[in-house]
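Below: one structure, written as structure tokens.
Laboratory data are not the source of any read-out in this text; all were calculated from the coordinates shown. Bear in mind the structure is a predicted one, so any value in this text is a computation, not a measurement. Positions of Cβ are backbone-derived with ideal geometry, glycine not excepted, and every protein chain shown enters the neighbour counts.
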Amino acid sequence: MANSTTTYESNAAFEARLRKRITKLILFSTGALVAVVFGFPMYFMTVSAFKAEAEILSTPFKWLPQEFVGLDHYAAAFDRAPIGQWYANSVFIAAVQVSVAIFFAAMAGYGFAKFRFRGRKLLFALILSIMAVPFQILLIPLYVEIRQFGWHNTYAGLIVPGLLSAFAIFMMRQFAFNIPDELLDSARIDGASEFRIFLTIAMPLLAPASASLVIILFLFSWNNFLWPLVVAQDRHLLTLPVGMTVFSQPYRGEPFVGPAMAVSTLATLPVALLFIFFQRYFIEGMMVSGIKG
């Protein structure tokens, strides 16, 4: 009887280990397939920037350059258009919008989470409702407002509408709930002002949320196409997404796939590096933001 029981337990343990290994294999295979599907366009774009023009779209596909052209496509791209200026515009606009939006979102989220005041829930509901409104609906009123301020075709017109983010406020509020009230009360007892408490205690504790938002807001600002297309008419004010469209249009009758791939690689590089260095905080932020509400 004891032997049969031991045998049954051994079989059950073996089946459990087998199921666990099969599950891991399935998950790994699925993850590898998804990585290949999403990673191949990146690989194609990066490698094509070093191939000869005729080789890029040749059949069958060549995994490595047969005729290595070095940085010729990059040089051709910078000769044809002010790529450096567009790149600098995108970096400057994204840096200003991300830094200002995170600071004010941290202040608002901290206030909504830790202070009780009349109309708090209604005000927060109004902020959340902004997230449900497509930007295309706000485009014309926002453009008219920018024209009234005299910010059309200026850096101010490109930057100011992106200085606040409803999603960033929501995410900061979720993180701010985790700040211990005892820590804030002890700082008040020591005589610290509310703004000093926010700067020296709340902001450092909101660092994981800030790191997550850096990626999200930078990605949104960096890839923003519609608003810069409407506001900026000066060629030297264009951002990289709009500039890439302008860059390709005059050369539709000429071979320009290589330079286009080179510019696309440059446009993707900042976002890829940002995600590589901040991915741990990004994942943590996505997990924690839904815990409390």
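Fully extending the segment from PHE115 to LEU18 would add 29.7 nm, taking 0.36 nm per residue of separation and subtracting the current Cα-Cα distance. Taking label points 7 Å from Cα along the Cα-to-Cβ direction, ASP190 and PHE220 give a separation of 3.4 nm.
Spacing of the modelled spin labels on ARG280 and PHE38, each 7 Å from Cα toward Cβ, amounts to 2.0 nm. The relative contact order of the chain, computed from alpha carbon pairs under 8 Å that lie at least 6 residues apart in sequence, is 29 percent.
Cα-based radius of gyration for the chain, normalised by 2.2 N^0.38 Å, reads 1.35. For segment 159-168, backbone phi angles converted through the Karplus equation (6.51, -1.76, 1.60; θ = phi - 60°) give residue-by-residue couplings of 8, 4, x, x, 7, 10, 9, 5, 5, 5 Hz, Gly and Pro being listed as x. The sum of -39500 (n - 2.57) across all DSSP H runs of n ≥ 4, divided by the residue count of the chain, sets its helix-only mean residue ellipticity at 222 nm to -23500 deg cm²/dmol. Shown for ASP181, ASP72: other C-beta atoms within 10 Å of each C-beta, ranked fewest to most, produce the order ASP181, ASP72. Simple spin-label estimate for ALA272 and LEU229 gives 2.5 nm between the two label positions (7 Å along the Cα-to-Cβ direction from each Cα).
Where a Cα-Cα gap under 18 Å defines reach, which aspartates and glutamates qualify for LYS24, not counting those fewer than 8 residues away within the same chain? Of all the aspartates and glutamates, those that pass the test against LYS24 - Cα under 18 Å, at least 8 places apart if same chain - are GLU15.
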